[in-house]
Amino acid sequence: MAEMTKIEKAANLAGVVVPFVGTLVAIVLLPSSLVSPGILAIALFMYLITAVGITVGFHRMLTHRSFQTSKTLEYTFAVLGTMAVQGPVLSWVADHRKHHAHTDKEGDPHSPHVGHGEGFRGFWHAHTGWLMETQGRADWKKYARDLYEDDGMRFISRHFVALIYLSLLIPAVLGFAITGTWVGALAGFLWGGLVRVFFVHHITWSVNSVCHYLGKRRFETDDQSTNVFWLAIPSLGESWHHNHHAFPRSAEHGLKKWEIDPSALIITGMEKVGLARKVVRISPERQAELTR
């Protein structure tokens, strides 16, 4: 695909800067009456549903087809993932599949080890800098043809901007509902909207940067992916990233009992109630074959 336009770069820059500024404002207002347990509950709720949209929906279900579900649930997860404000579903999936096709080699959209030098420059590119250079450049027809040929997914992808507005409107409405005031609506927008987007963004981007830079490895892979235990809970299990690169189709990224993986628990729960089927899991014997 062509290089990013100035408008696309400006939009991505706004997507980084506006939540950051909103988080600074929220910190300044932290001692005020704008913050209450109800408002923080809205922020947590919005964090969880949009982060699950990314981890279970965009990543494990749509990108890697780690399990199957109904079209209704596929579209629901695609909408929730879109509300995380990380790009249209077709772009996200295509970029991530390209990442796996060229991990830590030329062509990887966000490796900290290729094209931008080692150290801080590479780390910055993997975390945020790639959003101004390579984000959304992967060819949809090549890397996400199954989604490109799905009318529903194309519809959701086309309405990315509308879903961003919805993801900011919902917490504002919830803030008004629990407080009955416009100040409560503003607090809901600030915490459940901008602060939530800031944290979902940087936790997700940390998988691109931190989990290719720091951490531990135990499998023979031809990339530099790592497992980072302290990111496991906020990333909902995505930081067992080395495990994931060893077995990309696995619905479970936490492969040991102590490797906490909330997203895998959600998929298992869906399976038990009949909402997920053909869940891909890796046997201990297959894991042993690849252990270093």
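Read-outs: derived from the displayed coordinates by stated rules, not from any lab. None of the values given here were measured: they were computed from a predicted structure. For neighbour counting, all protein chains shown are included, and Cβ atoms are generated from backbone atoms with ideal geometry for every residue, glycine included.
For beta carbons closer than 6 Å, sequence separation of 6+ or different chains, a first residue in region 211-228 that is assigned to a strand (DSSP E or B) and a second that is aliphatic (A, V, I, L, M), the qualifying pairs are Phe219/Ala246; Phe219/Leu290. Screening region 271-292 for residues that are touching a residue at least 40 places away in the same chain (Cβ under 8 Å) and not in a loop (DSSP other than H, G, I, E, B) and picking the one that is nearest to Lys256 (Cα to Cα) gives Gln287.
Helices (runs of 4 or more DSSP H) fully within region 92-153 that include at least 3 residues being buried (at least 19 other Cβ atoms within 10 Å of the Cβ): 119-127. Selection within region 210-227: residues that are surrounded by fewer than 22 Cβ atoms within 10 Å (Cβ to Cβ) and hydrophobic (A, V, I, L, M, F, W, C). The member of this set that is farthest from Arg281 (Cα to Cα) is Leu214.
Scoring Gly254 on the criteria (1) part of a loop (DSSP other than H, G, I, E, B); (2) of a type in the set (Gly, Ala, Ser); (3) buried (at least 24 other Cβ atoms within 10 Å of the Cβ) leaves a single failure, condition (3). Name the single residue that is nearest to Thr69 (Cα to Cα) among those in region 19-57 being surrounded by fewer than 16 Cβ atoms within 10 Å (Cβ to Cβ) and β-branched (Val, Ile, Thr). So the residue we want is Val21. Scanning region 78-88 for residues that are over 11 Å from the mean Cα position of the chain (by Cα) and within 15 Å of Ala144 (Cβ to Cβ), we see that the one that is surrounded by the most Cβ atoms within 10 Å (Cβ to Cβ) is Ala78. Close contacts from region 131-159, counting a first residue that is more than 25 Å from Ser111 (Cβ to Cβ) and a second that is acidic (Asp, Glu), with Cβ to Cβ under 9 Å and a gap of 6+ residues or different chains, come to Asp150/Glu74; Gly152/Glu74; Met153/Glu74; Met153/Asp146.
Do you know which residues across region 62-76 are in a helix (DSSP H, G or I), of a type outside the set (Lys, Arg), touching a helix residue (DSSP H, G or I) at 6+ places or on another chain (Cβ under 9 Å) and surrounded by fewer than 24 Cβ atoms within 10 Å (Cβ to Cβ)? The answer is Thr63, Leu73, Glu74, Tyr75, Thr76.
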